[in-house]
Structure formats: structure tokens, C-alpha cells
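Asks: Attaching a single structure in C-alpha cells format; questions to follow.
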Amino acid sequence: MKKLIEIVKELTSIQGNVGYEENVISYIIDFTDNLNYEATVDNIGNISVHLTPENTGKKKVMFFAHSDEVGMMVRKIDSNGFIYCEKLGSLNPNCLAGLKMEIENDGKKFDAVIGVKSHHFSKVGSEDRKQKAAQDYFLDVGAKNREQVLEAGIDVGARVSYKSQFVQLLNNCVANKSMDDRALVAILLYTLQELDVNQIDCDLYFVFGVQEEFNTRGILPMARKINPDLAIGLDVTPATDSPDLLGYSEIKIGEGPALTYMNHHSRGTLAGIVPNNKLLKYIENLANEKSFQIQKEVATGILTETAYLSIENEKIIVANISLPTRYTHTPVEIISLIDLEQIGVLIKSIAYSYNDCLNFGKHQDLKKKGGRK
């Protein structure tokens, strides 16, 4: 577990805002190079690692996680040197007041804090206490005016992310920014070290996508290139075992990976996924064989790339394996390393057991029942 903690810490400490994932891409490329795997990168930053070129012609399996994180982008610097931003992804504005942030522009990094009115001048029940949008907050870098900000190297278009603050907690839990989705990037890389490709009877790919937090479709060019038969998305899902969400669903950290039975995003984007039930049972059975439990995720307000992959063509079958996570899209996302390790076990179990004889999909059910050919 020590090595897994190290990878999670390193990955979640990197700034990799939507559209600017280069630092994460470099980390992944270096990691795979050290394991003598060849990684390819497309024009928008998706990374593909082909683990079994000797199995070309067999059914293709693609595991994927996304490398980008929620953040902000500088949109205005006022005359007094205070910086206003626009969201990059669905960053949670409830946690912004008083935070430490990091600005990156042209390879330079700058510390900043988000200003909040002094408590001494804040009135009970006033506008000061009402919830604000992310665009209403301002960053303070200590500048006296706009010119000082520009001279330092900060300009409109600079990226802003939560300041990394990795901490280890009780019960094998850890917290930091961008556990969504770097913890799942970490488990793919960690698993890459342990896989014995000689035991694999499918054509296996690990893919690291981009721009999931912005448009949920960044993975599509790489998926079209690989054209997998089976695509397993690895992402976080909100745990509902904290006091603010207790009882909303049954998802808890430390109780095992979650398998998506349904997710649906109805706020502006009408999309979602109800995965193939035979595939879900197959994954559940693999978990049972390894003697750990699977949680069942049924959630609205959540959307992942599999919603679009599932209708990409007539052959692809998809599923989501999710990591229960508290306080998603904040700088203190909490995960259980035990849950994460078990996702790694599932990845290996699927890779070792999937072959050309396994078939999922409605047409297969009809054939077995003697229906239309």
C-alpha cells in the first residue's frame, strides 16, 4: 500500500486543469516508460497504453480514467490587482471562501488566496452570508494594482487550481484535491506494475482521458481509434455517509467499490447510462470470488463518459466501476485506499478472465432464448 499512497499523493498534487493536462500526461508517460510500455498521445491529450499487442485480433478491453481536474481560469484582473475567474468544470463554490489556490501561467506558478470579508465587518443575515457563485470571488496575490499582476506573469487565461494539501487520515483514508479522477489514474498505473500479460487472453488497453470535467466526451477520439468490445470507466461517485448526505443512498467509503446500475444527468444535459445487466453480474461475481463486497450505485446528477460510449457504435458494451468519495469537487476529497486497492483487484480479474467466449448484450439473450437470429 505504501507504493499506492505515493502514486496517489504525487498525482493529486499535480495541477492539471481541463485543457491543460500536460503535467499529468508527462507523469503518466514517464511511469509507463519505466515499465517498458509504449504510450501514445493524441492531439487533445488522451493517452493509450496497449498492453497486449501480441493479442491483436482478439476482443478488445479498454479500462479508462480521466486525468483532468476541476478548477478555474482567470477572466479579469481589476485595477487594484484582484483576480476574478470563470469555472473550468463544476467546481464547488461553497468551499471557496478563504482557500489557498495555485495559479499557473506559461510554466510559472503563483500562490494566491481567495478573499473573504473580515468577520468583524460581516453582519448577521446580510448579503455577506449568502451563497455566492464562483465568479463572485476574487483571488489576492498581494499585488497593489493590475500592472503588478501582469508584470509577475499572471494574465487572463491563466489556470487556477486548489492548492494541494495531501493528508493521511484514519482507517486507510486519504484526502486531497483531484482524487476525482487521479486516484483512479493511480490505480491503473499501480495495476500496470502487477499485471502478468501472459495470463491475458484479450487485447487490453489502459486509457487516460482528458476534458471529462468540461464536456464528458474527451475520451471519444481515443475510443473510436481503439474500437473496444468492452469499455470499463473508472471514476469517483459521491459517498453519502457524511452527516450532510446521510441516508440519500447506500454508498459509503471503506465498504468496497461501487458498480453503477444507473446514473443520469438531467441538469441541462439529458444523458446517462443503465449498463448491461449481464456485465454487471459478471463483475459482481468476480468480486465475490475475491471475497469483497460491491456497492450498487443508483444516482441522478452524475454523468460519466460511458453514457456517450454506450451509443458510440453497435458493438461496444460499457460499465462503470466507481470509487466512493466524500466532498467531491472540493480540495478535501476523501477516499479509502482499501476501496481503491479492490478496484485494482477487479481490473486484474476482468483482464485475466475476459476472452472471446464471453458475450454480453441483448442480442445474445435473444439467441439463447431462440428468438430472432
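Asks: Taking region 223-301, which chymotrypsin sites (Phe, Trp or Tyr not before Pro) meet the DSSP loop condition and have no more than 16 other C-beta atoms within 10 Å?
Replies: When the chymotrypsin sites (Phe, Trp or Tyr not before Pro) of region 223-301 are filtered for loop state and at most 16 Cβ neighbours within 10 Å, 248, 292 remain.
Asks: Once each part is reduced to its C-alpha centroid, what is the distance from region 192-258 to region 50-107 in angstrom?
Replies: 17
Asks: With the Cα gyration tensor of region 298-359 in hand, convert its eigenvalues to equivalent ellipsoid semi-axes via √(5λ) and list them largest first in whole Å.
Replies: 26, 19, 7
Asks: How far is helix 337-353 tilted off the main Cα axis of the chain, in degrees rounded to 10, range 0 to 90?
Replies: That helix lies at roughly 30 degrees to the long axis.
Asks: Could you give the longest part of the chain that holds none of the GluC sites (Glu not before Pro) found in DSSP loops with at most 12 neighbouring Cβ atoms within 10 Å?
Replies: Free of exposed loop sites, the longest segment is 39-313.
Asks: On C-alpha positions alone, give me the angle between the axis of helix 277-289 and the longest principal axis of the chain, in degrees, nearest 10.
Replies: Value to nearest ten degrees: 90.
Asks: For the chain, what is the accessible area per residue in Å², given a 1.4 Å probe and the full set of protein chains?
Replies: In whole numbers, the chain has 46 Å² accessible per residue.
Asks: GNM on the chain, C-alpha springs below 10 Å: top fluctuator among 50, 120, 265?
Replies: Among 50, 120, 265, the largest GNM mean-square fluctuation belongs to 120.
Asks: In a GNM of the chain with a 10 Å cut-off on Cα contacts, which of 322, 118, 310 has the highest mean-square fluctuation?
Replies: Residue with maximal mean-square fluctuation among 322, 118, 310: 118.
Asks: What Kirkwood hydrodynamic radius, in Å, does region 67-172 give when the mean of 1/r is taken over all pairs of distinct Cα atoms and then inverted?
Replies: After inverting the pairwise mean of 1/r, the radius is 14.8 Å.
Asks: Over the chain, what lengths in whole Å, largest first, do the semi-axes of the equivalent ellipsoid take, defined as the square roots of 5 times the eigenvalues of the alpha-carbon gyration tensor? Before the final figure, lay out each step's value.
Replies: Values: eigenvalues 298, 102, 73 Å².
Over the Cα atoms of the chain, the ellipsoid semi-axes are 39, 23, 19 Å.
Asks: Explain nothing, just the number: relative contact order of the chain, from Cα pairs under 8 Å at least 6 residues apart, as a whole percent.
Replies: Relative contact order, the chain: 22 percent.
Asks: Where the eigenvalues come from the Cα gyration tensor of region 277-326, what are the semi-axes √(5λ) of the equivalent ellipsoid, largest first, in whole Å?
Replies: Over the Cα atoms of region 277-326, the ellipsoid semi-axes are 22, 17, 8 Å.
Asks: Which order do you get for 309, 303, 170 if you rank them by accessible area with a 1.4 Å probe, largest at the top?
Replies: These residues rank, largest area first, as 170, 303, 309.
The values are calculated or read from the model by the stated rules, or taken from the named source; none is laboratory data. Model, not experiment: these values are computed from the prediction. A quick note on method: Cβ atoms are made from the backbone with ideal geometry, for glycine too, and the neighbour counts reach across all protein chains shown. Just the protein is used for accessible areas: all its heavy atoms, side chains included, with ligands, DNA and RNA removed. Shrake-Rupley method; radii C 1.70, N 1.55, O 1.52, S 1.80 Å.
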